[in-house]
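**Student:** Pasting a structure below so you can have a look.
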Amino acid sequence: MESLTNRKKVVSDKPMTFLEKIYIPAIVGGMMTTMKHMLRPRKTIKYPEETRVFAPVYRGQHVLKRDEQGRENCTACGLCAVACPAEAITMTSAERVKGEEHLYREEKYASSYEINMLRCIFCGLCEEACPKEAIFLTDRIVTTEFERDEFIYAKDKLVEAIDDRIDITKRQFTGKRTDK
Amino acid sequence: MDTGMLIEKSVLVILLFLISLGVAAYQTYFERKLAAWIQDRVGPDRAGPFGILQPIADGVKMFLKEDFIPAKADKWLFIIGPGISMFTALITSSVIPWGTNLNLFGRDISLQVADFNIGILFVFGVVSIGVYGIMIGGWASNNKYSLYGAIRASSQMISYELAMGISAITIVMLSGSLSLNDIVKSQHGMNWNIFYQPLAFFIFFITSLAELNRAPFDLPECESELIGGYHTEYSSMKLGLYLFSEYTSMFVSAAIMAILFFGGYNFPGMDAFSGNVLAILSIAAFALKIFLFIFVIMWIRWTIPRFRFDQLMHLGWKVLIPAAIVNMLVTGLVIAWNEGWM
């Protein structure tokens, strides 16, 4: 019967020849293979001493940006939460009152903003959905915790500090990676 | 026996004891490193530079583990099992000539604890006792896996000891002596037995692997089917002693193979040296041979999969023993021809 795929294999149970029966050539061949592996340079990255070079577009822990005057960009429009395929984002909005103009850029802001890092799949769709350039993914790694609720990051962990801005310019660069 | 002899032998015994334990400890390190290299990994490298302190960390770990004895186990047999294993592994090194005579403090010191005139028989006898350690340990554990491991170990050792003994007889025939010292002396320089008895060496090497319970003959342990075999129920330093005795016997059997077939401490061009220089060089040559054997044994372990039990018995009884007997008969005929008896 003609074979329709190229995966067909003809099997046979022909008896082993004398050379095959004494195993020695096969064993020597195997030992040569292992010797080759023994002499090969190691590719292991010894983690605490050296770290893997990330791609510039690496998607890690999120940041909620502030503008140049230190005001939060986020207006709690909820588009990121709608875009999120993992439903990891939740927020409540609030109206800016007088005297808070130096804190929030527009009249509406997020009084609470939470991302569940266990649900998040780091796809970056929140970043794409955001019309206010408020949320970005960075090259920081979400650290491990002992309790599940410690993975729900609130504004205290997400919003960048005024005097310690998080660099997101690498993510904006979409060309080829330069480290290779 | 005078006092000086007593002191020199005691020092030698203590040194040998420490060296055997040290070598066994660093064999575990070397084995893990080698396994890692063969599997494209790095291996232990955290404890000290290049992980050189790993055996010490392992030893401390072994001591700190709970020393567990199963409720239905035979307590006394359970305790003496690993002891027998360790004892037999260590005592074999007493008949091994480690080098030519050393001249210290005006005394001619032989680097052999006891020069028995039946050295090789002593080695075989002690190795045979070694199976009792495994057998008793497996029996006393009151665990079916342990018992399976012990039964496999004893049947394997009994089958392979025959071929091992018969292949070693050819060496005794060649050198005309059972003393390990005489066997080594008869291979002066590069006159090694391997050039006369390659088949005997081959059989001896395979049977040694089986006697050591090393891969591809590690059926008594068999992690995947017997959960560790005879030492399934063992923990803490009792388990440590079993593992240690295995590595010590590996060291000793590498030494025995070097003595019987690769000239022991002899090396080509040894007549150019004399006195203490020769002694130190001969020790170094012997150590190098032992190291190479250990390396090959480990290399084989991380290359070849385990034999099936029927394959093991087939190989032992139907291949190695006939081959060893034919080899012995041919050697005998050639010796008789050369001596003019025929």
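**Student:** Can you tell me the 0 to 90 degree angle between the C-alpha axis of helix A:24-39 and the longest principal axis of chain A, rounded to 10?
**Tutor:** So the helix axis and the longest Cα principal axis differ by about 30 degrees.
**Student:** Could you work out how far apart the two model spin labels at A:S111 and B:I194 are, taking each label as a point 7 Å from the Cα in the direction of the beta carbon, and quote it in nm?
**Tutor:** So the two model labels end up 8.4 nm from each other.
**Student:** Relative contact order for chain B: what percent, with Cα pairs under 8 Å and sequence separation of 6 or more?
**Tutor:** It rounds to 23 percent for chain B.
**Student:** OK, next. With 10 angstrom as the radius, rank B:H314, B:H231 by how many other C-beta atoms surround their C-beta, starting from the fewest.
**Tutor:** Listed from fewest to most nearby Cβ atoms, that is B:H314, B:H231.
**Student:** Can I ask one more? Amide H neighbours of B:N103 under 5 Å, at least 5 residues apart or on other chains, H built in the peptide plane: list them.
**Tutor:** B:I109, B:N276
**Student:** Sticking with this one: Measuring from a point 7 Å past the Cα of A:D149 along Cα-to-C-beta, which residues in segment A:95-127 have an amide N at less than 17 Å?
**Tutor:** Within reach of a label on A:D149, which here means backbone N under 17 Å from a point 7 Å along Cα→Cβ, segment A:95-127 contributes A:113-119.
**Student:** In segment A:62-172, if the dipole is taken from +1 on Lys/Arg beta carbons and -1 on Asp/Glu beta carbons about the Cα centre, which of A:A129, A:T144, A:M117 is farthest to the positive end?
**Tutor:** A:A129
**Student:** When we measure straight from the Cα of A:K98, which lysines land under 28 angstrom away, once same-chain ones fewer than 8 places off are left out?
**Tutor:** Straight-distance partners of A:K98: A:K65, A:K108, A:K132, A:K155, A:K157.
**Student:** If you bin every alpha carbon distance in segment A:91-180 into 10 Å steps from zero, what whole percent lands in each bin?
**Tutor:** Histogramming segment A:91-180 at 10 Å steps yields 12, 41, 33, 13, 2, 0 percent.
**Student:** Would you calculate a helix-derived [θ] at 222 nm for chain B, using -39,500 (n - 2.57) for each DSSP H run of n ≥ 4 and dividing by the full residue count, to the nearest 500?
**Tutor:** -22000 deg cm²/dmol
**Student:** Give me the distance between the Cα centres of segment B:1-63 and segment B:128-196, rounded to whole Å.
**Tutor:** Each part reduced to its Cα centre gives a spacing of 24 Å.
**Student:** Taking the beta-carbon count within 10 Å as an exposure proxy, list B:F68, B:F307, B:F286, A:F122 from fewest neighbours to most.
**Tutor:** Fewest to most other Cβ atoms nearby, the residues stand as B:F68, A:F122, B:F307, B:F286.
**Student:** Output ³J(HN,Hα) for segment B:298-306: one whole-Hz value per residue in order, computed from phi by the Karplus curve 6.51 cos²θ - 1.76 cosθ + 1.60 with θ = phi - 60°, and x for Gly and Pro.
**Tutor:** 5, 4, 5, 4, 8, 10, 9, x, 6
**Student:** Around B:D108, what is the net charge, scoring Lys/Arg as +1 and Asp/Glu as -1 over all other residues with Cβ under 15 Å from its Cβ?
**Tutor:** -1
**Student:** Rounded to whole Å, give me the distance from the Cα center of segment B:69-95 to that of segment A:82-140.
**Tutor:** Result: 67 Å between the Cα centres.
**Student:** Below 8 Å between Cα atoms, with a sequence gap of 6+, how large is the relative contact order for chain A in percent?
**Tutor:** Result for chain A is 25 percent.
**Student:** Same structure again: Given a Förster distance of 35 Å, report the FRET efficiency between B:K65 and B:S10 from their Cβ-Cβ distance, rounded to the nearest 0.05.
**Tutor:** Efficiency, from the Cβ-Cβ distance: 0.55.
**Student:** Shifting gears a bit: Name the most mobile residue of A:I22, A:I168, A:I121, meaning the one with the largest mean-square fluctuation, in a Gaussian network model of chain A with Cα contacts below 10 Å.
**Tutor:** Sorting by GNM fluctuation, first place goes to A:I22.
**Student:** About its Cα centre, how strong a charge dipole does segment B:212-342 have in debye, to the nearest 20, once Lys and Arg get +1 and Asp and Glu get -1 at the Cβ?
**Tutor:** Result for segment B:212-342 is approximately 120 debye, rounded to the nearest 20.
**Student:** Taking the Cα of A:S12, stepping 7 Å toward and past its beta carbon, and measuring to each backbone N in segment A:26-55: which are under 20 Å?
**Tutor:** Hits in segment A:26-55 for A:S12 at 20 Å: A:26.
**Student:** Using the Karplus curve 6.51 cos²θ - 1.76 cosθ + 1.60 with θ = phi - 60°, work out ³J(HN,Hα) for each residue of segment B:200-217 in order, rounded to whole Hz, and write x for Gly and Pro.
**Tutor:** Along segment B:200-217, the couplings run 4, 4, 4, 5, 4, 5, 4, 5, 4, 4, 5, 5, 7, 6, 9, 4, x, 10 Hz.
**Student:** While we're looking at this one, here's another question. Run the numbers on segment A:36-141 and let me know its relative contact order in percent, using alpha-carbon pairs under 8 Å that are six or more apart.
**Tutor:** This gives 35 percent for segment A:36-141.
**Student:** What ranking of A:E133, A:E106 emerges when the number of other C-beta atoms within 10 Å of each C-beta is taken as an exposure proxy, fewest first?
**Tutor:** A:E133, A:E106
**Student:** Based on the Cα atoms of the protein assembly as shown, what semi-axes does the equivalent ellipsoid have, where each is the square root of 5 times one gyration tensor eigenvalue, given in whole Å with the largest first?
**Tutor:** After diagonalising the Cα gyration tensor, the semi-axes are 66, 28, 25 Å.
**Student:** Separate question: Please express the Cα-Cα pair-distance distribution P(r) of chain B as a list of whole percents, one per 20 Å bin, running from 0 to the bin with the greatest distance.
**Tutor:** For chain B, the binned pair fractions read 28, 58, 14, 0 percent.
**Student:** A further question on this structure: Nearest 20 debye, what's the magnitude of the dipole of the protein assembly as shown about its Cα centre given +1 on Lys and Arg Cβ and -1 on Asp and Glu Cβ?
**Tutor:** 1120
**Student:** Could I ask something else about it? Would you kindly derive the ³J(HN,Hα) couplings of segment B:68-80 from the backbone phi angles with the Karplus curve 6.51 cos²θ - 1.76 cosθ + 1.60 (θ = phi - 60°), listing them in order in whole Hz, with x for Gly and Pro?
**Tutor:** So the Karplus estimates, Gly and Pro as x, are 9, 10, x, 4, 8, 7, 7, 4, 5, 5, 4, 7, 7 Hz.
**Student:** Going by amide H atoms built from the backbone, whose H comes under 5 Å of the H on A:V159, apart from near neighbours?
**Tutor:** HN-HN under 5 Å from A:V159: A:L64.
**Student:** Can you pull the one-decimal nm distance between simple spin-label points at B:W337 and B:Y132, each 7 Å off the Cα toward Cβ?
**Tutor:** Result for the modelled spin labels: 4.4 nm.
Only the coordinates and a few stated rules stand behind these numbers; no lab work does. Model, not experiment: these values are computed from the prediction. Cβ: placed from backbone, ideal geometry, glycine included. Neighbour counts: every protein chain shown.
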